[in-house]
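The structure appears right after this line, and notes come after that.
The values are calculated or read from the model by the stated rules, or taken from the named source; none is laboratory data. Predicted model only: the values in this text are computed from it and were never measured. All Cβ positions, even for glycine, are placed from backbone atoms using ideal geometry, and neighbour counts span all protein chains on display. Surface accessibility is based on the protein's heavy atoms, side chains included, excluding ligands, DNA and RNA. Shrake-Rupley method; radii C 1.70, N 1.55, O 1.52, S 1.80 Å.
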Amino acid sequence: MEIISDSGPPGAESYLAYMKGKNYIMYWVNESVFYHIYPLGFCGAPRINDGQLVYRLDKVKDFIPHLKEMNVNAVYFGPVFMSTTHGYDTNDYYNIDNRLGDNESFAKICDELHKNGIKVVLDGVFNHVGRGFWAFRDIQEKKQGSPYCSWFQNLNFGGNSPWGDPFWYEGWEGNYDLVKLNLRHPDVKQHIFDAVAMWMDKFKIDGLRLDVAYCMDQDFLRDLKNFCKSRDSQFWLMGEIIHGDYARLANPDLLDSCTNYECYKGIYSSHNDHNYFEIAHSLNRQFANGGIYHNIYTYNFVDNHDVNRIASTVKEFENVGNCFTMAYFMPGVPSVYYGSEWGIKGEKNNTEHDYPLRPCVDVSDIQDNSLYRHVCRLGAIRRKYKALKYGSFENTVIRNEQLVFKRKFEDETVYIAVNLSASDFNIGFNTDGGVKLYDVYDGKTAYDVNGSYVNIHIPAHGTRVLVLTGGEAPEYPLDAEVKDPELPAAEPEKEEEQLRPLPAIGEHGRYRHFKGGEYEFICIAKDTETSEEFVIYKEIGGEGRIWSRPVSIFYQYVDSDGKQVPRFERIG
């Protein structure tokens, strides 16, 4: 079955031709940066469904400018369908959870995301349902007389369930509030496939993340893939796999992709133990030439709704940025769990369980701090350079506290260098020729290549993204609008837009942010390590907080409701 787009970014033709033969990696996913939202937590919904219809999830639309600033172009929503508690105990596959809204409101959310070039992936919780699922309730009422007794795995009337039902059934991994479905039953399959068809038709979803795919029936997965691809050849199926061989499920017959838990663990553990050999080994094992997963475009992450937040996991917060660097630039597609881009913390505990990982956040909670700017920068760089989306992988230098690896695709070579030490570090290595290495992360540092050898400087806890050239400087992607190659450019306005002039750099006075806040300019400061210039400014009103932004970001135009306006306009 054909699942590869015939079009691609300039220079990607040979990759697409290669992958067409492999038949299970899709072009739009390669071009993506994901944002993962756990809706019930994100919206602050009641933990127990109170039956009240509240359009809490509509606030996702307010986050769209934030997503675009991060260069996000795909959103993965955790469970959104009717449930009793946490969303994974589904009661109805055909209706949005009333705590989030309804089908009409969610369709409008998806439409707004799509209008902004953002794909939508939903959580397919098909292994099990909740005890409130309509067919299970029918059995509770009618006992052996229910026509749905065969819908559930190992359901029989030879004993009582742990919940006191006069029958036994299989719960997912011993959790009897999660009733395991019999996915080999044709009526169960049809019920699920009809639901997926409705999601594809009404919400225009672009893919599914399959919960606990590692324990699902493979014949069901095969039939689901054939069903989805027959309706949309670009539809993406990604499975949750925690341990074991990813290729068992992520292969041409079953799923397109899977969660990369091996590298999730390797990323944080390498930074905590000051041992880059751990993650380097996993990356080489998985993705180097001949690596066991070099044909699987894995779903990469540093945290999610099931594991402690990365800001709580990494011992030295200064290294959280490098964790994101690894996830963004290793092979596969990166994902950011909501709020972690500005350093939200959260850890499981014995009383609250997973709830601390799933807080309510609003637009007003977004922090424009150094970590957030780092993540935005990574997204812009990843989406610009095809080597970071389509390229091969090779470790170049491995030390306990420094790592350099190479991504290469056709005529484009990019070296990623990270340093987890609290001290700056100089490191040398051989390149694939070239004349200069330009750091597109800071936008100004360049290194001469002598023969094929180069010596670079990596700041403490720092990242460098070095593009190899014949001497010419590459375009710097930071803060530039990044468009997916398959999306047509917007048509120009009939009348040329007149832009208000920006104030002179360093001009003192009062400024208004394009979102409404007002600030007092204090000064321009220079970073002692990188020499980058920052505007220092103070919030007027509120808590009077003091902020900093790079000069290049403070003095720029941004898109607001389709118009170009100054990010900060001088008002006094």
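Couple of notes before you dig in:
- Overall form of segment 123-219 per C-alpha gyration tensor (a/c, 1.5; a/b vs b/c): prolate
- Dipole magnitude (debye, nearest 20) for the chain, charges at Cβ of Lys, Arg, Asp, Glu: 360 debye
- Reachable aspartates and glutamates, given that their alpha-carbon falls under 17 Å from the alpha-carbon of residue 143 and they are not under 8 places away in the same chain: 165, 170
- Measuring nothing but alpha carbons in segment 191-237 and taking Rh as the Kirkwood radius, the Rg to Rh ratio lands at 0.94.
- Counting all C-alpha pairs of segment 158-270, share separated by more than 21 Å (%): 48 percent
- Listed by chain and number, the lysines whose C-alpha is less than 20 Å from the C-alpha of residue 436, apart from same-chain residues fewer than 8 away, are 384, 386, 406, 408, 444.
- Efficiency of FRET from Cβ geometry, residue 540 and residue 243, R₀ 45 Å, rounded to 0.05: 0.30
- If you plug the beta carbon distance of residue 366 and residue 265 into 1/(1 + (r/R0)^6) with R0 = 30 Å, you get a FRET efficiency near 0.60.
- At 1.567 mPa s and 4 °C, Stokes diffusion of segment 310-380 via Kirkwood alpha-carbon radius, µm² per second: 99 µm²/s
- Each 10 Å bin from zero up to the one holding the largest Cα-Cα distance in segment 245-342 carries the following percent of pairs: 16, 49, 28, 6, 0.
- Solvent-accessible area per residue, Å², over the chain with all protein chains present [probe radius 1.4 Å]: 41 Å²
- Unit Cα scatterers, Debye sum, the chain: log10 I(q)/I(0) for q = 0.06 Å⁻¹: -0.33
- Summing charges over neighbours of residue 429, with a neighbour being any other residue whose Cβ is under 13 Å away from its Cβ, gives +1 when K and R count +1 and D and E count -1.
- Whole-percent carbon and sulfur share, accessible surface of the chain, 1.4 Å: 47 percent
- Each principal axis of the Cα cloud of segment 102-156 was evaluated for its coordinate range; sorted largest first, these ranges are 51, 20, 15 Å.
- Only beta bridges with both residues in the chain are counted; by DSSP, about 70 percent of them are antiparallel.
- Alpha-carbon spread of segment 244-290, three principal axes, descending order, Å: 40, 21, 14
- For segment 362-468, the Stokes-Einstein estimate of translational diffusion at 37 °C and a viscosity of 0.692 mPa s comes to 225 µm²/s, using the Kirkwood hydrodynamic radius over alpha-carbon pairs.
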